[in-house]
Amino acid sequence: QVQLVESGGGLGQPGGSLRLSCAAPGSIFSIHSIHWYRQAPGKHLELGATITSGGTTNYADSVQGRFTISRDNGKNTAYLQMNSLQPEDTAVYYCKMVVRTTPGPFVKDYWGQGTQVTVSS
């Protein structure tokens, strides 16, 4: 069952841009952190970008300077703005949010279904 709904994937040109979205259920209590992963065919899952509840961002070297992670707290939605796309960015992209569903101390991981990004001329 899908926990987060991803959208925005598709075909991009080298040097072009795409923006991925990741929407959480409106019923969540809070989001502690958001992470974008990607998995190319035959490769392991790689962490590309994170943003914490305090707004701190981190990026993998492979996307640093080209990708930007952001969030809209009012919409419980995360974004990954991908610029200067390269063929090597071709992968299935997954978002993950570490969330609280109640005011209690426990957190859980919510995952998106994945969205295909293909970069080709």
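The values are calculated or read from the model by the stated rules, or taken from the named source; none is laboratory data. Bear in mind the structure is a predicted one, so any value in this text is a computation, not a measurement. Using ideal geometry, Cβ is built from the backbone for each residue, glycine included, and neighbour counts are taken over all protein chains shown. Accessible surface is based on the protein model in full, side chains and every heavy atom, while ligands, DNA and RNA are left aside. Shrake-Rupley method; radii C 1.70, N 1.55, O 1.52, S 1.80 Å.
Below, the figures for the structure above:
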item	result
Residue that is within 12 Å of the chain's Cα centre (by Cα), closer than 21 Å to Ser121 by Cα and not basic (Lys, Arg), where the choices are Gly48, Gly9	Gly9
Test result for Thr102, among the polar types (S, T, N, Q), part of a loop (DSSP other than H, G, I, E, B) and either farther than 17 Å from Leu4 by Cβ or modelled with pLDDT of 95 or more (or both)	yes
Residue in the range 26-44 that is nearest to Val92 (Cα to Cα), counting only those that are in a loop (DSSP other than H, G, I, E, B) and open to solvent by less than 70 Å² (accessible area, probe 1.4 Å)	Ala40
So Gly15, is it of a type outside the set (A, V, I, L, M, F, W, C) and over 14 Å from Ala91 (Cα atoms)	yes
Filter result (among the polar types (S, T, N, Q), touching a residue at least 12 places away in the same chain (Cβ under 8 Å) and part of a strand (DSSP E or B)) within the range 45-73	Thr50, Thr52, Thr57, Thr68, Ser70
Pairs, first open to solvent by 40 Å² or more (accessible area, probe 1.4 Å) in the range 81-96, second of a type in the set (A, V, I, L, M, F, W, C), C-beta under 7 Å, six or more apart	Gln81/Phe67; Gln86/Val119; Pro87/Val119; Tyr94/Trp111
Hits in the range 1-22 (condition: outside any loop (DSSP other than H, G, I, E, B) and either among the aromatic types (Phe, Trp, Tyr) or open to solvent by less than 40 Å² (accessible area, probe 1.4 Å) (or both))	Leu4, Glu6, Gly10, Gly12, Leu18, Leu20, Ser21, Cys22
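For every residue, the table says whether it meets (1) surrounded by 13 or more Cβ atoms within 10 Å (Cβ to Cβ); (2) under 10 Å from the mean Cα position of the chain (by Cα).
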| residue | (1), (2) |
| --- | --- |
| Thr52 | yes, no |
| Thr56 | no, no |
| Ile69 | yes, yes |
| Lys75 | no, no |
